[in-house]
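Trainee: So that we are looking at the same thing, I have put the structure below in structure tokens.
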Amino acid sequence: MGDRPVLDHIGIAVESIAEGCRLYEALGLAVEGEEEVSAQGVRVAFLTVGGGRLELLEPMTPDSPIARHLERRGAGLHHICLRVEDIRRSMADLRERGFELLSEEPQPGAHGCLVAFVHPRSTGGVLLELSQAESAGGD
């Protein structure tokens, strides 16, 4: 992959994965898998499209970040995720350049990845997720 990030997925907040999948399945896409990410209070389903993926995000609890997002903004685009080789280095580089991260340390994400989010105030209004594969970087 090199040192440059690549598009990993686009996150879409939905009330129900089953209902959210209907459109994409009608277009010929298939769910490649679902999992619960307890640390984030979310159930996710991934659909492969071209060289990337769509991630449907359904809240597991009424106080989860996705539930709050749905309450404030409704269903729709939630975030864009870039895959990085070394998430801690990427986080440090962004902090050094004045970007606001939502956590000091990476958090557990789907597929055993480590993830971190960059606040939309720092990105022109887009919630940006950084994701590192479990075996990549310094972990």
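Trainee: Of the residues Ala39, Ala45, only one is of a type in the set (A, V, I, L, M), touching a strand residue (DSSP E or B) at 6+ places or on another chain (Cβ under 6 Å) and in contact (Cβ under 8 Å) with a residue 60 or more places away in the chain; which?
Mentor: Checking each option against the conditions leaves just Ala39.
Trainee: Report whether or not Pro5 is open to solvent by 60 Å² or more (accessible area, probe 1.4 Å), touching a residue at least 24 places away in the same chain (Cβ under 8 Å) and within 16 Å of the chain's Cα centre (by Cα). Walk me through it before giving the result.
Mentor: On the way: open to solvent by 60 Å² or more (accessible area, probe 1.4 Å): yes; touching a residue at least 24 places away in the same chain (Cβ under 8 Å): yes; within 16 Å of the chain's Cα centre (by Cα): yes.
Here the answer is yes, as Pro5 does meet what is asked.
Trainee: Can I ask one more? Which of the strands (runs of 3 or more DSSP E) found entirely inside the stretch 51-139 contain at least 3 residues meeting this: of a type in the set (D, E, K, R)?
Mentor: In the stretch 51-139, 52-59 are the strands (runs of 3 or more DSSP E) which contain 3 or more residues that are of a type in the set (D, E, K, R).
Trainee: Among the numbered criteria (1) touching a residue at least 40 places away in the same chain (Cβ under 8 Å); (2) more than 15 Å from the chain's Cα centre (by Cα), which one does Glu96 miss?
Mentor: (1)
The values are calculated or read from the model by the stated rules, or taken from the named source; none is laboratory data. Since we're looking at a predicted model, the values are computed, not measured. We place every Cβ from the backbone using ideal geometry, glycine too, and count neighbours over all the protein chains shown. Quick note on the areas: whole protein, heavy atoms, side chains included, nothing else; ligands and nucleic acids left out. Shrake-Rupley method; radii C 1.70, N 1.55, O 1.52, S 1.80 Å.
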